[in-house]
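The values are calculated or read from the model by the stated rules, or taken from the named source; none is laboratory data. Note that this is a predicted model, so its numbers are computed, not measured. Don't worry about glycine lacking a Cβ; one is built from the backbone with ideal geometry, like all the others, and counts go over all protein chains shown. Accessible surface areas use protein heavy atoms only, side chains included; no ligands, DNA or RNA. Shrake-Rupley method; radii C 1.70, N 1.55, O 1.52, S 1.80 Å.
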Amino acid sequence: MPSSDRDAIAALYRRIYAVVRRIPPGAVATYGQVAQLAGIPRGGRVAGAAMRASPPELGLPWHRVVGRRSRTAAAIAIRDPVAAARQRQLLEAEGVAFRRSGTISLADHGWLPPDA
């Protein structure tokens with residue numbers, strides 16, 4: 001991959017990480033929302049790739065980024081059962097409630113930045 005492509009991807013990821021750092025404890029944002037706020041419309045998959053590529057030393061609150069299930073609900077989108085259980089544990093420790101269906105109410109826990 002040419003260095004200009006790597007630089008462009010790194011710049012996109014930095015914008016995504018800046019948004020993720022703003023999500024407060026007890027709140028969640030969807031991958032698509034994070035991408036939109038980072039200036040990448042319809043870029044939910046890009047946000048997902050950025051989250052998978054994020055090194056632990058960045059200290060991102062990765063667990064606050066979830067998949068959208070409907071207009072009103074989100075859910076853990078990680079397929080690895082151990083990582084998904086860890087994400088749920090971290091969210092519950094911050095006060096995020098899960099419905100019996102395993103979804104999260106975006107009305108109760110969805111995050112919107114004040115400037116959005």
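Would you check if there is a residue in segment 73-83 being within 14 Å of the chain's Cα centre (by Cα) and not aliphatic (A, V, I, L, M)? The answer is no; no qualifying residue exists. Take the conditions (1) closer than 22 Å to ARG15 by Cα; (2) β-branched (Val, Ile, Thr); (3) outside any loop (DSSP other than H, G, I, E, B); ILE78 misses just one of them, which is (3). A Cβ distance below 7 Å, combined with a sequence gap of six or more or placement on separate chains, defines the contacts here; from segment 83-96, residues that are touching a residue at least 60 places away in the same chain (Cβ under 8 Å) and under 12 Å from ARG64 (Cα atoms) reach residues that are open to solvent by less than 90 Å² (accessible area, probe 1.4 Å) and in a helix (DSSP H, G or I) in the pairs LEU91/HIS63; VAL96/HIS109.
Which of the residues spanning segment 81-116 are assigned to a loop (DSSP other than H, G, I, E, B) and open to solvent by less than 80 Å² (accessible area, probe 1.4 Å)? Step through it out loud before you land on a result.
Pass one, segment 81-116, residues assigned to a loop (DSSP other than H, G, I, E, B): 94-102, 111-116.
Listed by number, the residues that qualify are GLU94, GLY95, VAL96, ALA97, PHE98, GLY102, TRP111, PRO113.
Would you confirm whether or not segment 66-74 contains a residue that is out of contact with any strand residue (DSSP E or B) (no Cβ under 7 Å at 6 or more places or on another chain) and without any contact (Cβ under 8 Å) to a residue 60 or more places away in the chain? Within segment 66-74, one or more residues are out of contact with any strand residue (DSSP E or B) (no Cβ under 7 Å at 6 or more places or on another chain) and without any contact (Cβ under 8 Å) to a residue 60 or more places away in the chain.
Inside segment 1-16, can you point out the residues that are in contact with a Ser or Thr (Cβ under 9 Å, 6 or more places away or on another chain) and surrounded by fewer than 21 Cβ atoms within 10 Å (Cβ to Cβ)?
Pass one, segment 1-16, residues in contact with a Ser or Thr (Cβ under 9 Å, 6 or more places away or on another chain): 13, 16.
Correct list: TYR13 only.
Checked against the criterion of being open to solvent by less than 40 Å² (accessible area, probe 1.4 Å), of a type in the set (D, E, K, R), closer than 20 Å to GLY95 by Cβ and under 12 Å from the mean Cα position of the chain (by Cα), segment 19-35 contains not a single residue that satisfies it. Pairs linking a residue in segment 6-17 that is in contact (Cβ under 8 Å) with a residue 12 or more places away in the chain to a residue that is open to solvent by less than 100 Å² (accessible area, probe 1.4 Å) and not in a helix (DSSP H, G or I), with Cβ atoms under 7 Å and 6 or more positions apart or on different chains, are LEU12/ILE40; ARG15/ALA38; ARG15/GLY39; ILE16/ALA38; TYR17/SER54; TYR17/LEU60.
Here segment 42-75 is the region considered, the condition is being assigned to a loop (DSSP other than H, G, I, E, B) and open to solvent by 40 Å² or more (accessible area, probe 1.4 Å), and the residue that is nearest to PRO25 (Cα to Cα) is GLY59.
Name the residue, out of VAL46, VAL66, that is over 9 Å from the mean Cα position of the chain (by Cα) and within 20 Å of ALA83 (Cα to Cα).
Details: VAL66 fails: over 9 Å from the mean Cα position of the chain (by Cα).
Answer to the selection: VAL46.
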